[in-house]
Amino acid sequence: MKDFFRITARAAAWLRRVTLQARGFKPVVFAACLVPLGTLVWRALTVQLGANPEQTLIWTTGLWALRFLLITLAITPLRGVTGWTELARLRRMLGLFAFAYALLHFTCYLGLVNGFSLDAVAKDVVKHPFVLAGMTALTLMLPLAATSTNSMIKRLGAARWKALHKLIYVVGVVAVFHYWWGKLAKNNTADPKIYAAILATLLAWRLVRAWQGRRRQGRRQPANARA
């Protein structure tokens, strides 16, 4: 059993060295994040988007926005579980990809379904309220994307920047709700349930960690008082 753990630890260290600690790993991840978009462009150029190309573009870009959002939210738990602190340098990039795909999702909806008419969007929101949830999620992502630079972190201060970026939890909930509600009309909520379960797990992990942190802090205070 000891040999098994030793081999596993060495394999994990090797994997960490050739991926997260490698200089070219981040550009590789960046290129990988572009694959869904490239695939969509290729399918559009070769007329392989199916019977309803507009819906394919809208659903696919929206789905990838949600996936990147959940991947971004998974970075901190993964760091906590694995101890791989280098994962943090991917978080901002992944979050911006979530925003980019969400913006593309909305642009496709605005242009392909509504002909860039805001009046048509307003009428569609009344008819399909889940659209409003999606627009809310995108709106909440705007300040996160706009303050993602190092200069904005300095300008806002670390505490205010962290407080602002807790909006990502609200975005996650609203985005899953948007997806679930959209699929509910078609009586097909199997996939939204999976995404909701993943989000619930990621948020529950944070709640547990926060509770453990407060508990440790509560224990230290009497000890410090006695000292």
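For this structure, a couple of remarks:
- Pairing residues of region 1-29 that are under 12 Å from Arg89 (Cα atoms) with residues that are of a type in the set (Phe, Trp, Tyr) and not in a helix (DSSP H, G or I), at Cβ distances under 6 Å and at least 6 apart in sequence or on separate chains, gives Leu20/Trp84.
- Where Ile198 falls short, out of the listed (1) in contact (Cβ under 8 Å) with a residue 60 or more places away in the chain; (2) aliphatic (A, V, I, L, M); (3) open to solvent by less than 70 Å² (accessible area, probe 1.4 Å): (3)
- Residue count for region 117-166, restricted to those that are in contact with a helix residue (DSSP H, G or I) (Cβ under 9 Å, 6 or more places away or on another chain), of a type in the set (Gly, Ala, Ser) and more than 23 Å from Leu70 (Cβ to Cβ): 2
- Summed over region 14-65, residues that are among the basic types (Lys, Arg) and in a loop (DSSP other than H, G, I, E, B) total 1.
- Scope region 68-120; condition closer than 26 Å to Arg17 by Cβ and of a type in the set (S, T, N, Q); matching residues: Thr72, Thr76, Thr82, Thr85
- Which numbered condition Ser148 fails, given (1) open to solvent by less than 50 Å² (accessible area, probe 1.4 Å); (2) in a helix (DSSP H, G or I): (2)
- Looking only at region 101-130, residues that are within 22 Å of Ile168 (Cα to Cα) and either touching a Pro at 6+ places or on another chain (Cβ under 9 Å) or in contact (Cβ under 8 Å) with a residue 24 or more places away in the chain (or both) come to 8 in all.
- Among the residues of region 72-93, those that are of a type in the set (Val, Ile, Thr) and surrounded by 19 or more Cβ atoms within 10 Å (Cβ to Cβ) comprise Thr72, Ile75.
- In summary, Trp84 fulfils each of the numbered conditions (1) over 18 Å from Phe177 (Cα atoms); (2) of a type outside the set (Ser, Thr, Tyr); (3) in contact (Cβ under 8 Å) with a residue 60 or more places away in the chain; (4) out of contact with any Lys or Arg (no Cβ under 7 Å at 6 or more places or on another chain) with the single exception of condition (4).
- Selection within region 24-62 - farther than 17 Å from Ala102 by Cβ and under 16 Å from the mean Cα position of the chain (by Cα): Val29, Phe30, Ala32
- Restricting region 16-61 to residues that are farther than 30 Å from Gly115 by Cα and aromatic (Phe, Trp, Tyr), the residue that is least open to solvent (accessible area, probe 1.4 Å) is Phe25.
- Residues in region 133-145 that are without any contact (Cβ under 8 Å) to a residue 60 or more places away in the chain, closer than 16 Å to Tyr109 by Cβ and surrounded by 15 or more Cβ atoms within 10 Å (Cβ to Cβ): Ala133, Met135, Thr136, Ala137, Leu138, Met141.
- Filter pass, Arg206 being of a type outside the set (Gly, Ala, Ser), under 22 Å from Thr76 (Cβ atoms), assigned to a helix (DSSP H, G or I) and open to solvent by less than 90 Å² (accessible area, probe 1.4 Å): yes
The values are calculated or read from the model by the stated rules, or taken from the named source; none is laboratory data. Values in this document were obtained by computation on a predicted structure and should not be read as measured data. All Cβ positions, even for glycine, are placed from backbone atoms using ideal geometry, and neighbour counts span all protein chains on display. Surface areas here come from the heavy atoms of the whole protein model, side chains and all, with no ligands, DNA or RNA. Shrake-Rupley method; radii C 1.70, N 1.55, O 1.52, S 1.80 Å.
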